[in-house]
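**Q** Sharing a structure, written as structure tokens. Questions coming.
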Amino acid sequence: MRAIFIKTLADLRRRRLQAMVIFLTVLLAMAAGTTAVTLMSQTRDPYQVAFEKQRGAHLQVAFRPNTDPQLIQGTAATIGASAYGGPYPATNIQFRFGDRKFYLDAVGRDNPGGAVEVLNITSGRWPVANDEIVLTRSFSELNKISIGDRLKVTSVAQTPTLTVVGEVVDIDEGSADLSSQRAWMLPAALPALSTPDSSFYLMDYRFPSDPTGPQLQTSLDLLKTSLPPGSVAGSLTYLLIRSIFNITNQILTGVLVAFSVFALAATVAIVATLVTGIVISAYREIGIMRAIGFTPYQVVEVFALQIVMPALAACLVGVPAGTLASQPLLANSSHALGLAYTPTFSIGLDLLLFAGGILVVAVAATVPALRAGLLKPIVAITKASAPRGGGGRLLRLAAARLRLPRPVVLGIGDAFARPLRAILTLVTVLLGVATVVVAVGLPRSFELINNSETGAGSYQVVVTRTSAYPDSEVMRVLNSQPETARVVAVGGQNVLVPGVGDPVNTRLFRGDTSRLGYLMIAGRWYSAPGEVVAPAALMHDAHLKIGDSFTGTANGQPLQLRLVGETYDINNLGHSLFMDIATMASVTPAVVPFLYDVTLAPGSDVSAYVRRVAAVEPDLLDVRASDTSIIAPVKIIDLVLLILAGVLALIGVGGVFNTLLLNTRERIHDTATLKALGMSPRQVIVMVGASAGLLALVGGLVAMPVGLSLHHVLNDVISNSAGNETPPVAYAVFNGYELVLIPLLGVGVAIAAALIPGRWAARTNVVEVLHAE
Amino acid sequence: MDGRTFFRAFRGGGGGKNGMSELVRLTEVTKVYQGGITGALNGVSLIVEKGEFTAIMGPSGSGKSTLLNLVAGLDRPTSGSVAVGGTDLGKLGESGLARFRRDNIGFVFQFFYLLPNLTSLENVLIPAQLKGSDATARARELLGQLGIQDIADRFPARLSGGQQQRVAIARALINSPTLLLADEPTGALDTHTGDQVMELLGQLNRDGQTILLVTHDAKLATRHAARVISVMDGKIVDDARLESPERAASEVIRVRSEEASR
């Protein structure tokens, strides 16, 4: 055994550069893989811990204000809930802080405890007076509101001022960047803030064990039947909240797992190439080893250990590094859930990953090393090295026909002289370039979708009115501004859709909606009253397809609707309906818009417009420039993608570098001969560079369709997780020239990577090489 | 064509010293290897005339191959200067040396050193293609002259040793070099094939090709070369211009016995 280690260590010293390539590729692959697996395994736990700790509600139901609270309370027993909270009086309020206005659902509660939905006070205290309010920490952090700040309520005529006295974490709602938020006051404070159309009761239910989606639906159906029709205004399940909490990590996990597999596949390809190359060039050495007493098994061991040892070092660094890299994301989840962050990882899992990584590398190294063990000593010792690869002739001939310079022709032939090595190298290039394609494409797809959701490029100003300021006045103010080019007014009204348990939120438009920028997936945008457009999740849950007519219920009235198109909308995870306001007016004449998307004439000063319109009625109008910024989870995903693309591209470069190193070392004798015949150092570098360029070009060209397909699939996975299908425009985010430029960049990088082995080959000492023969 | 005929033809057509001009000049050349490679040169001065067939003889490690490498510009002297065709090789950089070899030198190696993944024709064409010229017609002509036109499309692995060395000679000649260097060109061949290769070199010389041959085979050297330089321990110990085969034999015997007595 000692002899094996001594020989292995000696070989490692001799092949430092290759050992470094193995170390780096395994390190990157293991770090990415560990991050993915740690995220995957640990993401669910913190939510579950917080849910139990804060006695989260499995079901939350909003009731209309005219429902009898006694009846509401009785529903807990009706549906078999083991605990309940409420009914709490609640009202939707608008308040002003600085020059910004916000909406919240203010809930009346005496204390933060109880049997369900315990509120975890992270700072400050619970309200003790009617002019005090507690916000969620998520909302405070997002909007930079601190304890002691004063909020002016603008949704009621008296415009009372509230003081923020505390921040809480509520397990029963999503984070502020993804969900609407609640605030808490003493129940006695609510009547002064309520208007008839903004009040409701909120009731929390908890069941003995975690119910499934269908079980919750059954409970909700039972609850509805126990109350007068129309009593239920809305509902929320813990499953949806959990999805919202975990959506970033879920998407990230999917992306990370996919690319970790890529990285590992590329590593296997590099290891196999490397060991094959070493064995090929070491026939004589193998012969000598066998001659002095190494068994075939020991020979294999020596060659495999040369790879396993740097891989072992890489795993020792990579697994902890990956675990560490996952911690900020997990800490983020813990923070959002109100849990104290403690490093979250599993030693057992890390050990498993460690062992798995070593095993994969060991197998990838051992299979080609078997060739060394199986060599007959006399054959090995007499042949000195394996027969030279004879591939690449056709390529060389083709290149010669193109009258390319001879060094280029020779380099092109060398690239495929050993077809298996070339293929394995192509795999690493392919994975690297494909990842780059995804990393370039996905952020653009996200941006397109984000633009459709935020109206970027379609409208520049969003105005929201309070009920105290009439729609007609808003329109008059807006239309009197010289910069106003178009106003689309938006209202909302929940509709019950057959087959869907929760009331569906609608967006009711008045005005020219053709240029609002909503992305269509199939069918068309509505063009007449009665026509509606919906995202995939609603279509799926309601078993609707384009062209179907169905009867919804709004305000207890039947509403005839026909689905004419599928659009993209992440609100409520794809459960919404888009229609002309006239459609709803047929059953709810009182419905009026509350939000206005304003398109300004080109060249208008948006800030000046916002200031001027806001000044018209500072308390009753909220005027702001359309917020088109990318939401935080998407930014995180973009960043992770960028890092992964860098990692895979590096591995790809490592693959090309490794192959060139093997090729140039294997062909050192030929290079020396060529130099003796008059090949200049520059021509030698060109020859090696041509080899690298061709490998990168072929790999890059194959990678483009692979990358585009992967971009397609990931788009679908991410869209589906948000209850949508991918809009076709989100696939087509690449310019024609980019499809050429990306592989060409790959070629450029590969040629740059070829400079080291190229210069090394160019400096070949002809006399020494030929003398050593 | 037998060896004697070749030799006679050489004697008749090679010309004497008169009418020749200097092609290679080594001045006080010393080469010291630090890597443990033997064969250092120690203050060697030498002039080779155009059209000469010069054989450099000596035992292993005497420095004869080093001398050839210095003339080819494959290696640089530790001190002294090497000039070929009036060009001081010491003043050329790596690229300049490569161009110099490409334009002026043809090299025939003991182990042929054909590129295994190129056909015979492609191997022959390489030096011309490195210059950027298309010499397919000349390559085929050379293969024809060397009697191997039928193996043009074969790979080296499918050629006999003699065929491989002929391909190597054709490759060395493709750019019409002013100087043909041959390092033990028969060392890897059987006697019969070796004779054929030497006859070929002799014929080339008769056609005006300057040849510098390194060999340790005295018989070969004296049969074909007009001048035999004996190298020992990095020094020229004898420089014999052979006027007749008889003289040649005696000179060589003298040199060999001196070597033995050292």
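**Q** From the list A:S140, A:S180, A:S146, pick out the single residue that is at pLDDT 90 or above, farther than 15 Å from A:Q54 by Cβ and not in a helix (DSSP H, G or I).
**A** Just one listed residue meets the conditions, A:S146.
**Q** Surrounded by fewer than 17 Cβ atoms within 10 Å (Cβ to Cβ), more than 29 Å from A:N450 (Cβ to Cβ) and of a type in the set (S, T, Y), is that true of A:S549?
**A** When the stated conditions are applied, A:S549 passes them.
**Q** Considering every residue within segment A:647-668, establish whether at least one is crowded, with 24+ Cβ neighbours inside 10 Å, of a type in the set (A, V, I, L, M) and under 13 Å from the mean Cα position of the chain (by Cα).
**A** Checked segment A:647-668: no residue is crowded, with 24+ Cβ neighbours inside 10 Å, of a type in the set (A, V, I, L, M) and under 13 Å from the mean Cα position of the chain (by Cα).
**Q** So, in segment A:64-110, how many residues would count as being touching a residue at least 60 places away in the same chain (Cβ under 8 Å), over 20 Å from A:P503 (Cα atoms) and in a loop (DSSP other than H, G, I, E, B)?
**A** 6
**Q** With the requirement that a residue be open to solvent by 10 Å² or more (accessible area, probe 1.4 Å), closer than 16 Å to B:L26 by Cα and not polar (S, T, N, Q), what does segment B:53-71 give you?
**A** Hit for segment B:53-71 is B:K64, nothing else.
**Q** Please return the ranges of helices (runs of 4 or more DSSP H) entirely within segment B:124-215 where 2 or more residues are more than 19 Å from the chain's Cα centre (by Cα).
**A** B:136-145
**Q** Of all residues in segment A:166-189, which are in contact with an Asp or Glu (Cβ under 6 Å, 6 or more places away or on another chain) and crowded, with 20+ Cβ neighbours inside 10 Å?
**A** Residues satisfying the conditions are A:D172, A:R182.
**Q** So is A:T195 among the β-branched types (V, I, T) and open to solvent by less than 60 Å² (accessible area, probe 1.4 Å) or not?
**A** yes
**Q** Let me ask another. Right, A:V261: open to solvent by 40 Å² or more (accessible area, probe 1.4 Å), closer than 27 Å to A:F354 by Cβ, modelled with pLDDT of 80 or more and out of contact with any helix residue (DSSP H, G or I) (no Cβ under 7 Å at 6 or more places or on another chain) or not?
**A** Yes, satisfied.
**Q** Does A:D541 count as closer than 17 Å to A:T454 by Cβ, charged (D, E, K, R) and at pLDDT 80 or above?
**A** no
**Q** Among the residues of segment A:471-494, is there at least one that is closer than 28 Å to A:G234 by Cα, open to solvent by 20 Å² or more (accessible area, probe 1.4 Å) and modelled with pLDDT of 90 or more?
**A** The initial filter retains those residues of segment A:471-494 that are closer than 28 Å to A:G234 by Cα, namely A:471, A:488-494.
Checking which are open to solvent by 20 Å² or more (accessible area, probe 1.4 Å) leaves us with A:471, A:492-494.
Applying the additional criterion that residues be modelled with pLDDT of 90 or more yields A:471.
Checking segment A:471-494: at least one residue is closer than 28 Å to A:G234 by Cα, open to solvent by 20 Å² or more (accessible area, probe 1.4 Å) and modelled with pLDDT of 90 or more.
**Q** Looking only at segment B:147-196, which residues are within 24 Å of B:G208 (Cβ to Cβ) and within 11 Å of another protein chain (Cβ to nearest Cβ)?
**A** Correct list: B:A168, B:R171, B:A172, B:I174, B:N175, B:P177, B:L181, B:D183.
**Q** OK, next. Of all the helices (runs of 4 or more DSSP H) wholly in segment A:667-744, which have at least 3 residues that are within 14 Å of chain B (Cβ to nearest Cβ)?
**A** Per the criteria, A:668-676, A:681-721.
**Q** Kindly list the number of the only condition in (1) touching a Gly at 6+ places or on another chain (Cβ under 9 Å); (2) outside any helix (DSSP H, G or I) that fails for A:D619.
**A** Looking at each condition in turn, A:D619 falls short on (1).
**Q** Go through A:R403, A:R444, A:R393 for me and flag whichever is surrounded by fewer than 21 Cβ atoms within 10 Å (Cβ to Cβ), on the phi > 0 side of the Ramachandran plot and either out of contact with any strand residue (DSSP E or B) (no Cβ under 6 Å at 6 or more places or on another chain) or away from chain B (no Cβ under 14 Å) (or both).
**A** It is A:R403.
**Q** Could you tell me whether any residue of segment A:232-242 is among the β-branched types (V, I, T) and touching a Leu at 6+ places or on another chain (Cβ under 8 Å)? Don't jump to the end; show me each part of the working.
**A** Looking only at segment A:232-242, we keep the residues that are among the β-branched types (V, I, T), and these are A:232, A:237, A:241.
Remaining after also requiring touching a Leu at 6+ places or on another chain (Cβ under 8 Å): A:232, A:237.
Yes, that holds for at least one residue.
**Q** Consider B:L118 carefully, then state whether it is open to solvent by less than 40 Å² (accessible area, probe 1.4 Å), closer than 30 Å to A:A399 by Cβ, at pLDDT below 85 and within 11 Å of chain A (Cβ to nearest Cβ).
**A** Considered against the rule, which asks whether it is open to solvent by less than 40 Å² (accessible area, probe 1.4 Å), closer than 30 Å to A:A399 by Cβ, at pLDDT below 85 and within 11 Å of chain A (Cβ to nearest Cβ), B:L118 comes out as yes.
**Q** If you take the residues of segment B:121-140 that are within 9 Å of chain A (Cβ to nearest Cβ) and of a type in the set (D, E, K, R), which of them is most open to solvent (accessible area, probe 1.4 Å)?
**A** Checking each candidate, the answer is B:D134.
**Q** Could you pull out the residue among A:L216, A:L193, A:L227 that is touching a Pro at 6+ places or on another chain (Cβ under 8 Å) and either within 28 Å of A:L71 (Cβ to Cβ) or of a type in the set (D, E, K, R) (or both)?
**A** Unique residue meeting the criteria: A:L193.
**Q** Let me ask something additional. Just the residues that are over 29 Å from the mean Cα position of the chain (by Cα), of a type in the set (K, R) and open to solvent by 40 Å² or more (accessible area, probe 1.4 Å), please, taken from segment A:107-150.
**A** A:R125, A:R150
**Q** When you scan segment A:523-536, do you find a residue that is in a strand (DSSP E or B) and surrounded by fewer than 19 Cβ atoms within 10 Å (Cβ to Cβ), even just one?
**A** Looking through segment A:523-536, at least one residue is in a strand (DSSP E or B) and surrounded by fewer than 19 Cβ atoms within 10 Å (Cβ to Cβ).
**Q** Looking at this structure, is A:A81 modelled with pLDDT of 90 or more and crowded, with 22+ Cβ neighbours inside 10 Å?
**A** In short, yes.
**Q** Could I ask something else about it? Restricting attention to segment A:132-146, which residues are touching a Ser or Thr at 6+ places or on another chain (Cβ under 6 Å) and closer than 11 Å to A:V165 by Cα? Even if it seems obvious, please write down each step before you answer.
**A** Restricting attention to segment A:132-146, the residues satisfying the condition of being touching a Ser or Thr at 6+ places or on another chain (Cβ under 6 Å) are A:132, A:137-138.
Within segment A:132-146, A:E132 is the sole residue that qualifies.
**Q** A follow-up question, please. Any idea how many residues of segment B:170-210 are open to solvent by less than 30 Å² (accessible area, probe 1.4 Å) and of a type in the set (S, T, Y)?
**A** Result for segment B:170-210: 3.
**Q** Output the residues belonging to segment A:124-137 that are within 30 Å of A:S82 (Cα to Cα) and not in a loop (DSSP other than H, G, I, E, B).
**A** Those that are within 30 Å of A:S82 (Cα to Cα) and not in a loop (DSSP other than H, G, I, E, B): A:I133, A:V134, A:L135, A:T136, A:R137.
The values are calculated or read from the model by the stated rules, or taken from the named source; none is laboratory data. Computed from a prediction, not measured in an experiment: that's the story for all the values here. Note that each Cβ is placed from the backbone with ideal geometry, even for glycine, and that neighbours are counted across all protein chains shown. Side chains included, ligands, DNA and RNA excluded: accessible areas come from the protein's heavy atoms. Shrake-Rupley method; radii C 1.70, N 1.55, O 1.52, S 1.80 Å.
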